[in-house]
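Q: Quick one: structure below, then a few questions.
Just so it is clear, none of the values below were taken in a lab; they were calculated from the coordinates. Computed from a predicted structure; not experimentally measured. Cβ placement follows ideal geometry from the backbone for every residue including glycine, while neighbour counts extend to all protein chains displayed.
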Amino acid sequence: MKYLTTARDVVNHLGGLERVCELTASKPATAKNWPTRAKSFPASTYVVMQRALRRRRASAPPHLWNQRGV
């Protein structure tokens, strides 16, 4: 299993920004800031993105979604 440590790594592993937008039902103009300026994802995308990562045999730390105590 691959362990991803940055938001940019997560986006790349999931197939790029377009694919992440499809997964999270987000607009590209919003999502493009996640791996660059924000360096994290909205908490509301945690479950769907973690499932997608598991399907691709990867994981990422919950803090990339501002999750605490997970």
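Q: Of everything in the range 33-70 that's among the hydroxyl-bearing types (Ser, Thr, Tyr) and part of a helix (DSSP H, G or I), which residue is nearest to LYS2 (Cα to Cα)?
A: Filtering the range 33-70 for residues that are among the hydroxyl-bearing types (Ser, Thr, Tyr) and part of a helix (DSSP H, G or I), the one nearest to LYS2 (Cα to Cα) comes out as TYR46.
Q: Let me ask something else. Among the residues of the range 1-50, write down those that are among the charged types (D, E, K, R) and either within 11 Å of the chain's Cα centre (by Cα) or closer than 25 Å to GLY69 by Cα (or both). Talk me through it step by step, then tell me what you get.
A: Within the range 1-50, the subset among the charged types (D, E, K, R) is 2, 8-9, 18-19, 22, 27, 32, 37, 39.
Answer for the range 1-50, where residues must be among the charged types (D, E, K, R) and either within 11 Å of the chain's Cα centre (by Cα) or closer than 25 Å to GLY69 by Cα (or both): LYS2, ARG8, ASP9, ARG19, ARG37, LYS39.
Q: What number of residues in the range 41-70 are closer than 19 Å to PRO28 by Cα and either surrounded by 16 or more Cβ atoms within 10 Å (Cβ to Cβ) or of a type in the set (Phe, Trp, Tyr) (or both)?
A: Pass one, the range 41-70, residues closer than 19 Å to PRO28 by Cα: 41-46, 48-49, 52, 64-65.
From the residues that got through so far, the ones that are either surrounded by 16 or more Cβ atoms within 10 Å (Cβ to Cβ) or of a type in the set (Phe, Trp, Tyr) (or both) too are 41, 45-46, 49, 52, 64-65.
Result for the range 41-70: 7.
Q: Let me ask something else about it. Restricting to the range 1-32, name every residue that is surrounded by 12 or more Cβ atoms within 10 Å (Cβ to Cβ), without any contact (Cβ under 8 Å) to a residue 40 or more places away in the chain, of a type outside the set (Gly, Ala, Ser) and assigned to a loop (DSSP other than H, G, I, E, B).
A: If the condition is that a residue be surrounded by 12 or more Cβ atoms within 10 Å (Cβ to Cβ), without any contact (Cβ under 8 Å) to a residue 40 or more places away in the chain, of a type outside the set (Gly, Ala, Ser) and assigned to a loop (DSSP other than H, G, I, E, B), then LYS32 is the only one that fits.
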